[in-house]
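One structure below.
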Amino acid sequence: MPYPIERKLVVGVSSNALFDLRQEDTIFREEGVEAYSAYQTERKTETLKKGTAFPFIKRFLRINRVYDKEEPVEVVLLSRNSPDTGIRAFNSIKDYGLNISRACFTTGAAPFRYMPAFNVSLFLSTNKDDVKE
């Protein structure tokens with residue numbers, strides 16, 4: 001039986017660190033949330049490019065292959081995106097074969113408040129302020 005999340009080594013990762021969302025962020029900043037949401041929804045089946053944390057996350061999850069009965073590590077996606085725009089992220093997670101099943105989509109709020117609920121020990125993000133919090 002897999003470890004309960006309280007006993008796992010959990011890494012939280014932002015969608016911007018797991019995937020390269022620079023183009024999408026430009027749309028958000030220049031055109032607003034509605035244009036960003038429409039862009040993500042229209043492209044929900046297009047796989048996102050790998051971000052800066054992707055190689056680490058992929059390697060980290062390999063620990064569970066060695067300890068396949070216990071699965072002692074877990075990755076949780078902590079994203080400022082809304083749940084509807086998060087569909088593209090989960091489709092990309094599936095396309096890359098990453099074993100990530102938990103996520104929190106905060107619709108713009110800082111994700112640090114949700115870290116205790118997921119037992120996050122390390123948070124990876126491209127947003128320096130989110131990491132400091």
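The values are calculated or read from the model by the stated rules, or taken from the named source; none is laboratory data. What you see is a predicted model; the values in this text were computed from it and never measured. Counting neighbours? That spans all protein chains shown, and the Cβs are built from the backbone with ideal geometry, glycine included. Note: areas computed on protein heavy atoms with side chains; ligands, DNA, RNA excluded. Shrake-Rupley method; radii C 1.70, N 1.55, O 1.52, S 1.80 Å.
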With 0.36 nm assigned to each residue of separation and the Cα-Cα distance removed, residue 99 to residue 65 gains 11.2 nm
Keeping the other protein chains in place, figure out the carbon and sulfur percent of the accessible area of region 1-98, with a 1.4 Å probe. 51 percent
Dividing the alpha-carbon radius of gyration of region 68-133 by 2.2 N^0.38 Å (N being the number of residues), what value is obtained? 1.15
In whole Å, what are the extents of region 33-92 along the principal axes defined by its C-alpha atoms, from largest to smallest? 43, 19, 18
Please compute the Kirkwood hydrodynamic radius of the chain from all pairs of different C-alpha atoms, in Å with one decimal. 15.2 Å
Show me the GluC sites (Glu not before Pro) within region 1-46 that DSSP assigns to loop and that have at most 16 other Cβ atoms within 10 Å of their Cβ. 46
Between region 55-99 and region 5-36, what is the C-alpha centre distance in whole Å? 13 Å
Under 30 Å between alpha carbons: how many lysine pairs meet that in the chain, if sequence neighbours fewer than 8 apart on the same chain are excluded? 26
Per residue, how much accessible surface does the chain expose to a 1.4 Å probe? Answer in Å², no decimals. 59 Å²
Of the trypsin sites (Lys or Arg not before Pro) in region 61-104, which ones lie in a loop per DSSP and count no more than 13 other C-beta atoms within 10 Å? 62, 69
Output for region 35-122: chymotrypsin sites (Phe, Trp or Tyr not before Pro) sitting in coil per DSSP, at most 15 other Cβ within 10 Å, listed by number, reads 67
Over the Cα atoms of region 1-53, each weighted equally, I'd like the Debye log10 I(q)/I(0) at q = 0.15 Å⁻¹, rounded to two decimals. -0.56
